[in-house]
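Okay, structure first, notes after.
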Amino acid sequence: MFRKSLFSSALRHTSQEMINNLKSLEARRDDFELVEGLVADTRGAGLDAQAMFRPPATPYVSVRVHTGAEGVLQQVATARGLSLAENYPAGWLLVNPNKSTFAIEVVAAE
């Protein structure tokens with residue numbers, strides 16, 4: 001009897017975590033789409049970039065850094081109405097000046 005209630009409890013807990021993760025993903029859908037657009041723009045400007053995420057729902061841009069990368073990122077940010085801010089040693093942040101809680105991390109990959 002104890003085993004069944006323990007299993008049932010674990011199943012409920014896991015189900016609730018999955019529901020919470022799905023809600024987090026849905027709430028950040030626009031951010032995921034923005035990151036994919038930023039990656040397309042960044043690749044179009046000549047940088048090697050990838051859309052990435054940290055579980056459960058934190059999208060970011062990974063960029064292979066080379067000389068002049070910051071200038072290219074500045075151009076991409078300006079074209080999208082964003083500001084580029086240094087976030088050393090990790091890379092940069094793309095910040096929307098119209099939203100106080102909004103920032104997309106750009107991670108410098110080796």
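The values are calculated or read from the model by the stated rules, or taken from the named source; none is laboratory data. Computed from a predicted structure; not experimentally measured. Cβ placement follows ideal geometry from the backbone for every residue including glycine, while neighbour counts extend to all protein chains displayed. Side chains are part of the model used for accessible areas, which takes the heavy atoms of the whole protein and leaves out ligands, DNA and RNA. Shrake-Rupley method; radii C 1.70, N 1.55, O 1.52, S 1.80 Å.
Quick notes on this structure:
- Meets criteria (part of a strand (DSSP E or B), modelled with pLDDT of 90 or more and open to solvent by 70 Å² or more (accessible area, probe 1.4 Å)) for residue 50: yes
- Criterion applied to 24, 15 was being touching a Pro at 6+ places or on another chain (Cβ under 9 Å) and over 22 Å from residue 90 (Cα atoms), and the one residue passing it is 24.
- Selection within region 70-104: residues that are assigned to a helix (DSSP H, G or I), surrounded by 16 or more Cβ atoms within 10 Å (Cβ to Cβ) and of a type in the set (Val, Ile, Thr). The member of this set that is farthest from the chain's Cα centre (by Cα) is 72.
- Any pair with Cβ under 8 angstrom, 6 or more apart, that starts in region 27-44 at a residue that is touching a residue at least 24 places away in the same chain (Cβ under 8 Å) and ends at one that is open to solvent by 60 Å² or more (accessible area, probe 1.4 Å) and assigned to a helix (DSSP H, G or I): 32/25; 41/79
- Consider region 8-32 and keep the residues that are more than 11 Å from the chain's Cα centre (by Cα) and acidic (Asp, Glu). The one that is farthest from residue 83 (Cα to Cα) is 17.
- Restricting region 33-47 to residues that are part of a helix (DSSP H, G or I) and farther than 15 Å from residue 93 by Cα, the residue that is farthest from the chain's Cα centre (by Cα): 44
- The requirement of being surrounded by fewer than 13 Cβ atoms within 10 Å (Cβ to Cβ), touching a strand residue (DSSP E or B) at 6+ places or on another chain (Cβ under 8 Å) and not β-branched (Val, Ile, Thr) is satisfied by residue 64.
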